[in-house]
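See below for the structure under consideration.
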Amino acid sequence: MTLIPTPVRRGFDAVLDPLVRGLIAGRINPNTITTVGTAVLLGSAVAYGYGYIRLGGALLLLSGALDMLDGKVARGGGKITRFGAFYDSTLDRVGEAALYTGITFYFLGGGVSARWFHLAVWITLVAISSGLIVSSARARAEGLGLECKVGIAQRAERILVLGVPTLFFGPGPDGLLLLSIVFLLALTAVITVGQRIAHVYRVTRGLERPPEARAPASAVADMLGKGPTGA
C-alpha cells in the first residue's frame, strides 16, 4: 500500500529520469550515490538534533531523492548486485537510526515543553525501535524466500511525512508539530509490524504441510490400528 498518489510518483519519476540517464552515462556507481545519500541523511540528523529543523527537513528530502536515484541508476545501468542491495539496506537503517537519535536529542535539549518531555522521548524511542523491526521483518521474510513489502507507509512516505511539514513549518509551537509527526510515524510502524507478521502467517500457512503429513509411516499405521507390517 502506498500513500503517495500514482500521478505524483510518475511526475517525480519524470523529473528524475534525465538525471538518472546522466548518472548512467557518467558511469557513476550506485553505491557512491548510496553513500552520499546516507551522508546527507546523517547531516539531516545533526540538523534536527541541534534545532535546525527546517534545514533537517530539507536535507531529509534530498536524501530521499538520492535514495530513489541509486536504485534507478542500478536498474537502468545494469549494475544491480547483491552487495549493492545489502549495502543500500544497511545504510538505510543506519540513517534512520541516526535521524531518530537526532530528534531525540532535540527533545532532550528542550525542544518540547516540560509537559510533553517524557512522552516525546518515549514516542521517539518507539518510532526508532519499531522502524527497525519493520525492516528486520522484511529482511527475515525475504531470507525465507517470501516477498514482504506490505505496510501502510513505506520509506518514501515516511520521508515525505516528516520532511515536508518540518521544511515549511519547523517544529511547530513548543515542538508539537514535530512530536505529532513522530507519533504518527511510530504508530504506522507498529501497525506495519503487525501487517507483516499477518502477511507472512497467511503466506506460510498455505505452504506448510500439516503435522499429520510429517508423521512417520509407523505412527500413521498405529493411528489406523495396524502394526508396522500391515497385519
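Across region 103-124, a minimum of one residue is classified as aromatic (Phe, Trp, Tyr), surrounded by fewer than 18 Cβ atoms within 10 Å (Cβ to Cβ), farther than 20 Å from Thr192 by Cβ and touching a residue at least 60 places away in the same chain (Cβ under 8 Å).
Ala39 meets all of the listed conditions (1) farther than 21 Å from Ile103 by Cα; (2) free of Cβ contacts under 8 Å to residues at least 12 places away in the same chain but one, namely (1). The single condition among (1) crowded, with 21+ Cβ neighbours inside 10 Å; (2) of a type in the set (A, V, I, L, M, F, W, C); (3) closer than 30 Å to Leu207 by Cβ that Cys148 does not satisfy is (1). Candidates Phe117, Phe107: the one that is in contact with a Ser or Thr (Cβ under 9 Å, 6 or more places away or on another chain), part of a helix (DSSP H, G or I) and aromatic (Phe, Trp, Tyr) is Phe107. Quick one: would you say Tyr87 is at pLDDT 90 or above, crowded, with 20+ Cβ neighbours inside 10 Å and not basic (Lys, Arg)? When the stated conditions are applied, Tyr87 does not pass them. Look at Tyr100 and say whether it is farther than 18 Å from Ala58 by Cα, of a type in the set (Phe, Trp, Tyr) and surrounded by 14 or more Cβ atoms within 10 Å (Cβ to Cβ). In short, no. Could you say whether any residue in region 125-139 is farther than 20 Å from Leu60 by Cβ, assigned to a loop (DSSP other than H, G, I, E, B), out of contact with any strand residue (DSSP E or B) (no Cβ under 6 Å at 6 or more places or on another chain) and modelled with pLDDT under 90? Within region 125-139, none of the residues are farther than 20 Å from Leu60 by Cβ, assigned to a loop (DSSP other than H, G, I, E, B), out of contact with any strand residue (DSSP E or B) (no Cβ under 6 Å at 6 or more places or on another chain) and modelled with pLDDT under 90. Every condition in (1) without any contact (Cβ under 8 Å) to a residue 24 or more places away in the chain; (2) over 27 Å from Gly172 (Cα atoms) is met by Asp70 except one, and the failing one is (1). Scanning region 160-173 for residues that are crowded, with 16+ Cβ neighbours inside 10 Å and part of a helix (DSSP H, G or I) returns Leu160, Val161, Leu162, Gly163, Pro165, Thr166, Leu167. Going through (1) within 20 Å of Ala127 (Cβ to Cβ); (2) in contact with an Asp or Glu (Cβ under 9 Å, 6 or more places away or on another chain) one by one, Pro30 falls short only on (1). Applying the condition of being surrounded by fewer than 18 Cβ atoms within 10 Å (Cβ to Cβ) and in a helix (DSSP H, G or I) to region 67-83 and asking which residue is modelled with the highest pLDDT yields Phe83. Name the one entry in Gly56, Gly95, Gly37 that is in contact with a Phe, Trp or Tyr (Cβ under 6 Å, 6 or more places away or on another chain), of a type in the set (Gly, Ala, Ser), in a helix (DSSP H, G or I) and crowded, with 19+ Cβ neighbours inside 10 Å. One residue alone meets the criteria, Gly56.
Here Glu142, Glu157 are screened, and the one residue that is among the acidic types (Asp, Glu) and either free of Cβ contacts under 8 Å to residues at least 60 places away in the same chain or outside any helix (DSSP H, G or I) (or both) is Glu142.
The values are calculated or read from the model by the stated rules, or taken from the named source; none is laboratory data. Here the structure is a predicted model, which is why all the values come from computation and not from measurement. With ideal geometry, Cβ positions are generated from the backbone for all residues, glycine too; neighbour counts draw on all protein chains shown.
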